[in-house]
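*Asks:* What follows is a single structure, and I will ask about it in a moment.
Laboratory data are not the source of any read-out in this text; all were calculated from the coordinates shown. If you're wondering where the values come from, they're calculated on a predicted model, not measured in any experiment. Backbone-built Cβ (ideal geometry, glycine too); neighbour counts: all protein chains shown.
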Amino acid sequence: MTKINSFPSKIILVDDDEDDRDLFAEAFQSLNLQSDLVLFKNGQELLEYIQKLDNLITTHIFLDLNMPLISGMEILRQLRKTLKVNDSFVTIYSTSASPRDVENAYKYGANGYLKKPSSYQQLCELICKAIQASTVNYGKQLAKNEFILNKD
C-alpha cells in the first residue's frame with residue numbers, strides 16, 4: 001500500500017447508501033489516516049455543513065453521483081462555486097463508470113473519478129491512491145489519462 005506523507009484535515013464522504021458509508025468508514029479507520037472523516041447521506045447535508053464553516057478548509061471530498069434531493073453532479077457544480085472549498089480535491093465515488101458520467105465529472109471540475117470497488121481490500125488501496133493523488137495535486141485536476149483512479 002502507498003505511504004501517504006501528508007493528509008487533508010478533513011475527508012468527507014457523501015453517499016446515500018448506508019452500507020457504502022459504513023464500509024468506507026471501516027476502511028478509513030483501518031488505514032489509520034491522520035484526518036477527520038465526516039460522513040453525509042446527501043448533498044444537502046454537505047452544503048449546509050459548508051455554509052457553517054468560518055474559513056477555508058483542506059478537504060478531500062468523495063462524492064457519490066446518484067443521490068436523492070440533489071445529484072452528485074449538481075453538488076460538484078455548487079462546490080466549485082463555493083470559496084470555502086473551491087480548491088478541495090473532489091473524487092467522484094460512484095457505481096457508474098459510464099463515459100458520459102466520467103466526461104461530465106471532468107467537465108464540471110472533479111479532480112478524480114473512482115468507481116466503487118468490489119472488494120474491501122481494493123477499497124482500502126483506492127482510498128490511499130485517491131488521497132495520495134490529492135496531496136500531490138491539491139487544487140489541480142488530474143490529467144485526463146489519470147482521471148479514473150481505478151482504470152484497469
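*Asks:* Once fully extended, how much extra length lies between residue 80 and residue 30, figured as 0.36 nm per residue of separation less the alpha-carbon to alpha-carbon distance? Provide the component values of the computation, followed by the final result.
*Replies:* Details: separation 50, 0.36 × 50 = 18.00 nm, distance 3.06 nm.
Extending this stretch completely gives an extra 14.9 nm.
*Asks:* Which order do peptides 100-106, 112-118 fall in by mean Cβ count within 10 Å, highest first? Don't skip to the end; give the middle numbers.
*Replies:* On the way: 100-106: 17.0, 112-118: 19.7.
Those peptides, ordered most packed to least, come out 112-118, 100-106.
*Asks:* Determine the relative contact order of the chain: mean sequence separation of Cα pairs under 8 Å and six or more apart, normalised by residue count, in whole percent.
*Replies:* It rounds to 25 percent for the chain.
*Asks:* Which number gives the lysine pairs in region 70-129 that have C-alpha atoms under 26 Å apart and are eight or more places apart or on different chains?
*Replies:* Going through region 70-129 pair by pair, I get 9.
*Asks:* Only four residue types carry charge here, +1 at the Cβ of Lys and Arg and -1 at the Cβ of Asp and Glu. Report the dipole size of the chain about the Cα centre in Debye, rounded to the nearest 20.
*Replies:* Details: 17 positive and 20 negative charges, 146 e Å.
Around 700 debye, computed over the chain.
*Asks:* Compare the peptides 29-42, 64-77 by average per-residue count of other Cβ atoms within 10 angstrom and give them in order, highest first. Let's see the in-between values first.
*Replies:* Numbers: 29-42: 15.0, 64-77: 18.7.
Highest-to-lowest ranking by the protection proxy: 64-77, 29-42.
*Asks:* Return the long-range amide H neighbours of residue 38 (sequence gap of 5 or more, or a different chain), with a cut-off of under 5 Å between placed amide H atoms.
*Replies:* Correct list: 11, 12, 13.
*Asks:* Taking +1 at the Cβ of each Lys and Arg and -1 at the Cβ of each Asp and Glu, which of 46, 92, 108 sits farthest along the dipole of region 10-146 towards its positive end, judged by Cα position relative to the Cα centre?
*Replies:* Going by the charge dipole, the pick is 108.
*Asks:* For every other residue with a beta carbon closer than 15 angstrom to the beta carbon of residue 66, add +1 if it is Lys or Arg and -1 if Asp or Glu, then tell me the sum. Let's see the in-between values first.
*Replies:* Working: positive: 21, 41, 100, 115, 116; negative: 15, 16, 17, 18, 19, 20, 64, 74, 101.
Within the 15 Å Cβ shell, the charges total -4.
*Asks:* Quick one: which residues, 5+ away or cross-chain, put their amide H under 5 Å from the amide H of residue 90? H built at 1.01 Å from N.
*Replies:* It is 61, 111, 112, by chain and number.
*Asks:* Applying 1/(1 + (r/R0)^6) with R0 = 30 Å to the Cβ-Cβ distance of residue 18 and residue 146, what FRET efficiency is obtained, to the nearest 0.05?
*Replies:* Numbers: r = 31 Å, r/R0 = 1.03.
FRET efficiency, residue 18 to residue 146: 0.45.
*Asks:* Which option, [x] 30, 25, 11; [y] 19, 18, 16; [z] 31, 19, 13, is the value of semi-axes √(5λ) of the Cα gyration tensor in Å that was calculated from these coordinates?
*Replies:* So the structure-derived entry is [y].
*Asks:* Another question about this same structure. If we count every other residue with Cβ under 10 angstrom of residue 38's Cβ, Lys/Arg +1 and Asp/Glu -1, where does the sum land? Each step should come with its number before you reach the end.
*Replies:* Working: positive: 10; negative: 36, 45.
For residues surrounding residue 38, the net value is -1.
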